[in-house]
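Peer 1: Okay, here's the structure, questions in a sec.
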């Protein structure tokens with residue numbers, strides 16, 4: 001990841017970064033179910049889920065959303081604010097789950113920087129559009145407008 005200045009981050013508003021593909025496995029879905037207590041059969045029971053319109057198990061919507069850090073880490077040459085000490089999630093303006101992610105599918109993240117501003121000295125807020133695309137599908141799994149803060 002190249003380190004960039006505040007001005008360079010601001011200049012990159014409107015640019016898009018795309019991650020490498022990541023497979024969403026049944027093991028990943030099962031682990032998420034354990035962590036959250038969401039054991040709905042469409043996620044964890046392949047036999048019953050095969051009888052639904054999904055034709056098999058699907059990832060939890062919140063699992064798909066939670067892939068944001070992993071997918072972000074798989075963006076080749078993503079810019080990083082120079083001297084950044086940490087980043088934190090601040091929240092979302094909107095999240096829409098559009099298409100279920102079937103177990104075994106590959107997804108990738110598309111990140112578009114919408115804004116970058118200094119809130120306090122050394123504390124920056126960025127808003128990004130985050131889209132999860134499913135390989136071979138026209139419609140994305142989700143689109144979110146996400147806010148994070150970076151401390152330098």
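The values are calculated or read from the model by the stated rules, or taken from the named source; none is laboratory data. All values derive from a computational prediction rather than experimental measurement. Here the Cβ is made from the backbone with ideal geometry for all residues, glycine too, and neighbour counts use every protein chain on show.
Peer 1: Any residue at all in region 119-129 that is free of Cβ contacts under 8 Å to residues at least 24 places away in the same chain and touching a strand residue (DSSP E or B) at 6+ places or on another chain (Cβ under 9 Å)? Talk me through it step by step, then tell me what you get.
Peer 2: Within region 119-129, the first condition is being free of Cβ contacts under 8 Å to residues at least 24 places away in the same chain, and the residues that meet it are 120-121, 128-129.
With the extra rule that they be touching a strand residue (DSSP E or B) at 6+ places or on another chain (Cβ under 9 Å), the set shrinks to 128-129.
Yes: one or more hits.
Peer 1: If you don't mind, another one. Pairs please, first residue from region 16-31 and free of Cβ contacts under 8 Å to residues at least 40 places away in the same chain, second anywhere and surrounded by 15 or more Cβ atoms within 10 Å (Cβ to Cβ) and in a loop (DSSP other than H, G, I, E, B), Cβ atoms under 8 Å, 6+ apart in sequence or on different chains.
Peer 2: Listed by first residue and then by second, the contacts come to 28/59.
Peer 1: Filter region 43-62 down to the residues that are free of Cβ contacts under 8 Å to residues at least 40 places away in the same chain and either surrounded by fewer than 18 Cβ atoms within 10 Å (Cβ to Cβ) or out of contact with any helix residue (DSSP H, G or I) (no Cβ under 7 Å at 6 or more places or on another chain) (or both) and list them by number.
Peer 2: Matches in region 43-62: 45, 47, 48, 50, 51, 52, 53, 62.
Peer 1: Being surrounded by 13 or more Cβ atoms within 10 Å (Cβ to Cβ) and either over 18 Å from the mean Cα position of the chain (by Cα) or at pLDDT below 95 (or both) is the requirement here; does residue 13 meet it?
Peer 2: Working: surrounded by 13 or more Cβ atoms within 10 Å (Cβ to Cβ): yes; either over 18 Å from the mean Cα position of the chain (by Cα) or at pLDDT below 95 (or both): yes.
Judged against the criteria, residue 13 is a match.
Peer 1: So residue 108 ticks every box in (1) crowded, with 21+ Cβ neighbours inside 10 Å; (2) under 30 Å from residue 6 (Cβ atoms) but one. Which box is left unticked?
Peer 2: (1)
Peer 1: Find the residue count for region 16-34, including only residues that are assigned to a loop (DSSP other than H, G, I, E, B) and either more than 18 Å from the chain's Cα centre (by Cα) or within 30 Å of residue 83 (Cα to Cα) (or both).
Peer 2: Looking only at that region, the number is 3.
Peer 1: Being more than 17 Å from the chain's Cα centre (by Cα) and within 16 Å of residue 113 (Cβ to Cβ) narrows it down to one of 2, 53, so name that one. Step through it out loud before you land on a result.
Peer 2: On the way: 53 fails: within 16 Å of residue 113 (Cβ to Cβ).
Of 2, 53, the one residue that is more than 17 Å from the chain's Cα centre (by Cα) and within 16 Å of residue 113 (Cβ to Cβ) is 2.
Peer 1: Given the options 65, 142, 71, 113, name the one that is in contact (Cβ under 8 Å) with a residue 12 or more places away in the chain, over 22 Å from residue 14 (Cβ atoms) and surrounded by 16 or more Cβ atoms within 10 Å (Cβ to Cβ). Reasoning before the result, please.
Peer 2: Details: 142 fails: over 22 Å from residue 14 (Cβ atoms); 71 fails: over 22 Å from residue 14 (Cβ atoms); 113 fails: over 22 Å from residue 14 (Cβ atoms).
Exactly one residue qualifies, and that residue is 65.
Peer 1: For residue 36, work out the one condition from (1) surrounded by 14 or more Cβ atoms within 10 Å (Cβ to Cβ); (2) over 13 Å from residue 105 (Cα atoms); (3) touching a residue at least 12 places away in the same chain (Cβ under 8 Å) it doesn't fulfil.
Peer 2: Of (1) surrounded by 14 or more Cβ atoms within 10 Å (Cβ to Cβ); (2) over 13 Å from residue 105 (Cα atoms); (3) touching a residue at least 12 places away in the same chain (Cβ under 8 Å), only one is false for residue 36: (1).
Peer 1: Whether any residue in region 8-30 is touching a helix residue (DSSP H, G or I) at 6+ places or on another chain (Cβ under 9 Å) and more than 30 Å from residue 77 (Cα to Cα) is what I want to check.
Peer 2: Yes - at least one qualifying residue is present in region 8-30.
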